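First comes the structure, then the notes that go with it.
The values are calculated or read from the model by the stated rules, or taken from the named source; none is laboratory data. None of these values were measured; they are calculated from a predicted model. So basically every Cβ, Gly included, is an ideal-geometry build from the backbone, and we count neighbours across all protein chains shown.
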C-alpha cells in the first residue's frame, strides 16, 4: 500500500495498490472503518488477481478533504531535523532547474 | 485516473525526487499466492514507526535529532491482540496525530480481524512488525536488507504467514542503487526521507 507508486515502481515491489491519500494515512482517515475496509478489500483483490511481478493498481478512492488541507495536516508539527540540513541543497537544485529551463527556451 | 505520487509533496522535494530517482536493477520478487485467501494467514508490516509502549523502546529519534542524516533501522514487534491505546508512534517525518488516534490507518489489526471473522481471509498472525521509514540521507538501507528485514521475514515465516500487507505511510524512498546527481558528483540519491 502506498501513495507513491513512483517509488513502488522504482524499487520493484511485487504487487502494489496505490491510493492517493496523504502521507501518514495509508489506509484512510482515523475512525473511518468503512473507508479503511474499502481500501483493504481492493488490496486483497490485487493480491488475488495480479499475475505479473511489478503490478501496480491505481485506486479510485479519493481523499475527502481539500488537497491544501491534507498537505498541511500530514506534515509534522515541527519540521524534521533533516530539513535544516537539506534545505540549501534543495534551493541549489531549484536554481539549477530554473537556469536550465531558461536556457532551453527559444 | 493514475495516482499522482507528488500530490502531497512540497514542490522542492518532488523536483528533487524526479531528478534523482533511479530504477532498481534487481529482478522483482514474486511468490504466487499459494491458496485461496480464506485459507491464508496474514501478516502486517508498516514503516510508520509504531511501537508497543512500555514494552519496547520507541525508535531512536533522539539520536536522529543529533545526527539528522541517519535513521533508526531496527524494528518493533507488536502483538496483534494489543490494545490500541498501548501503541505509540515515533517518526519525525510525518504527523503521527491521526495514527495515534486510530492505528488501523497504518496497521489494520481490527480490519483484518473483521475480515477473518467474515471468512474473507484465513487469520491474522499473532505478531505484526513495525519499522521507521526514514533511513537517513543519503539513505542507507543496508541494515534493513542484511539484518532486520530478513529477521522479521523469518519471524513471519515461523508463524506460517502466507501473505503480508505492507503499509508505507512516509516519503520513504527505498534504496535501489546509488545514483549520481549534479556536477558535484556527490552521492545524492534519496532513497528514504
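Flag set for residue A:24, criterion: at positive phi, within 7 Å of chain B (Cβ to nearest Cβ), under 16 Å from the mean Cα position of the chain (by Cα) and surrounded by 15 or more Cβ atoms within 10 Å (Cβ to Cβ).
Criterion applied to A:64, A:30 was being within 8 Å of another protein chain (Cβ to nearest Cβ), in a loop (DSSP other than H, G, I, E, B), at pLDDT 95 or above and under 20 Å from the mean Cα position of the chain (by Cα), and the one residue passing it is A:30. Consider residue A:36 carefully, then state whether it is under 30 Å from residue B:34 (Cβ atoms), within 9 Å of chain B (Cβ to nearest Cβ), without any contact (Cβ under 8 Å) to a residue 40 or more places away in the chain and part of a helix (DSSP H, G or I). It is true that residue A:36 is under 30 Å from residue B:34 (Cβ atoms), within 9 Å of chain B (Cβ to nearest Cβ), without any contact (Cβ under 8 Å) to a residue 40 or more places away in the chain and part of a helix (DSSP H, G or I). Looking only at segment B:94-106, count every residue that is in contact with a strand residue (DSSP E or B) (Cβ under 7 Å, 6 or more places away or on another chain) and either part of a helix (DSSP H, G or I) or surrounded by fewer than 21 Cβ atoms within 10 Å (Cβ to Cβ) (or both) and tell me the total. Matching residues across segment B:94-106 total 3. Quick one: in segment B:1-39, which of the residues that are outside any loop (DSSP other than H, G, I, E, B) and at pLDDT 95 or above is nearest to residue A:2 (Cα to Cα)? Looking at residues that are outside any loop (DSSP other than H, G, I, E, B) and at pLDDT 95 or above, I get B:37. Examine segment B:40-58 for a residue that is part of a helix (DSSP H, G or I), at negative phi and at the interface with chain A (Cβ under 9 Å from one of its Cβ atoms), and state whether such a residue exists. No: zero hits.
Restricting attention to segment B:107-135 and to residues that are within 8 Å of chain A (Cβ to nearest Cβ) and under 22 Å from residue B:171 (Cβ atoms), the residue that is surrounded by the fewest Cβ atoms within 10 Å (Cβ to Cβ) turns out to be B:134.
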